[in-house]
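The values are calculated or read from the model by the stated rules, or taken from the named source; none is laboratory data. A quick note: this is a predicted structure, and the numbers were derived from the prediction, not measured. Because the Cβ atoms are built from the backbone with ideal geometry, glycine has one as well, and the counts that use them run over all protein chains shown. Each accessible area value is taken on the protein alone, full model and side chains, heavy atoms only, with ligands, DNA and RNA left out. Shrake-Rupley method; radii C 1.70, N 1.55, O 1.52, S 1.80 Å.
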Amino acid sequence: MAPRLVSLRPAIFLDRDGVLNDVVWRAGKPASPRSVAELKLADGAVEAVAAFKAAGYLTFVVTNQPDVARGKMSGQVLSDIHQTMAEVLPVDEIVACLHDNADLCDCRKPRPGMLLDLARRWSVDLSQSWMIGDMDRDIACGQAVGCSTVLIQRLYNGGPAAGADLIADDLTQAVALVFDAQTAARAVAF
């Protein structure tokens, strides 16, 4: 019997805080929501995910959430936040690294463990995929697996110094940039 060929699909990997939802400011620093009540989806998030899905991309949320390991929120609250997001955003899966920096796990961005696991389980073509984030670690994570990258420009990040392929003011602009790059790549292929 011949081996079954699996067709690889492109994906969009989206960071959560600062991309799909607004950050919560604590002591002058951007932070994650620690309750469903603090969760506020970013303008255009629902439309952006729907546009990626309509274009044939698998869509995943990949997020570092060390507040669980640090005892600042429970795993159940994090699950509730993700369930709330999943009810509104048509994503294929939400994956969170619950480890702290000192744990040296493979899944905490900038390490690529979450992306590699999703790519294996969902048959993702990483060379045709995108990582969209608001921090240098998101960009480094995407680059580590060969994805193209988009940095959402924020006051708290490094901006162009992050080395992203593209820079966007918000998620809506990121969608347009990805689609423009996709169209340009197709034109070059012909």
So how strong a dipole does the chain carry about its Cα centre when Lys and Arg Cβ are +1 and Asp and Glu Cβ are -1, to the nearest 20 debye? 380
Which of ARG121, ARG108, ARG16 moves the most in a Gaussian network model of the chain with Cα springs under 10 Å? ARG121
Which FRET efficiency value, to the nearest 0.05, do you get for ARG70 and PHE179 by plugging their Cβ-Cβ distance into 1/(1 + (r/R0)^6) with R0 = 45 Å? 0.75
Most fluctuating residue of ILE152, ILE81, ILE94 in a GNM of the chain with Cα springs under 10 Å: which is it? ILE81
Just tell me which lysines come within less than 26 Å, Cα to Cα, of LYS72; anything on the same chain fewer than 8 places away is out. LYS29, LYS40, LYS109
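In debye, nearest 20, what is the charge dipole magnitude of region 101-166 about its Cα centre with +1 on Lys and Arg Cβ and -1 on Asp and Glu Cβ, if you could check?
Details: 7 positive and 8 negative charges, 20 e Å.
Taking the Cα centre of region 101-166 as origin, the dipole is about 100 debye.
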Which of the listed residues, VAL23, ILE167, GLN143, is farthest toward the dipole's positive end in the chain, when Lys, Arg count +1 and Asp, Glu count -1 at the beta-carbon? GLN143
Rank ALA86, ALA27, ALA45 by mean-square fluctuation in a GNM of the chain with C-alpha springs under 10 angstrom and give only the top-ranked residue. ALA27
The chain: calculated mean residue ellipticity at 222 nm from DSSP helix runs of at least 4, using -39500 (n - 2.57): -10000 deg cm²/dmol
Here are several values of Rg and Dmax of the Cα atoms in Å: [x] 16.3, 62; [y] 17.9, 58; [z] 17.8, 55. Which one was derived from the coordinates shown? [x]
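How big is the Cα convex hull of region 92-140 in projection, averaged over all directions, in nm²? Numbers along the way, then the final one.
Numbers: hull surface 15.1 nm².
Result: a mean projected hull area of 3.8 nm².
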Here region 47-56 yields Karplus 3J(HN,Hα) values (6.51, -1.76, 1.60; θ = phi - 60°; whole Hz; Gly and Pro given as x) of 5, 5, 5, 4, 5, 5, 4, 5, 7, x
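Can you give me the accessible area per residue for region 63-103, using a 1.4 Å probe, in Å²?
Per residue, region 63-103 has 48 Å² of solvent-accessible surface.
Over the chain, calculate the relative contact order: mean separation of alpha carbon pairs under 8 Å at least 6 apart, over the residue count, as a percent.
On the way: 333 pairs, mean separation 41.4, N = 190.
The normalised contact order for the chain reaches 22 percent.
Using a probe of 1.4 angstrom, how much of the accessible area of the chain is carbon and sulfur, in percent? Don't skip to the answer; put the middle values down first.
Working: 5190 of 9420 Å².
Taking all protein chains in place, the chain shows 55 percent carbon and sulfur surface.
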Note down the accessible area of TYR57, probe 1.4 Å, to the nearest 10 Å². 10
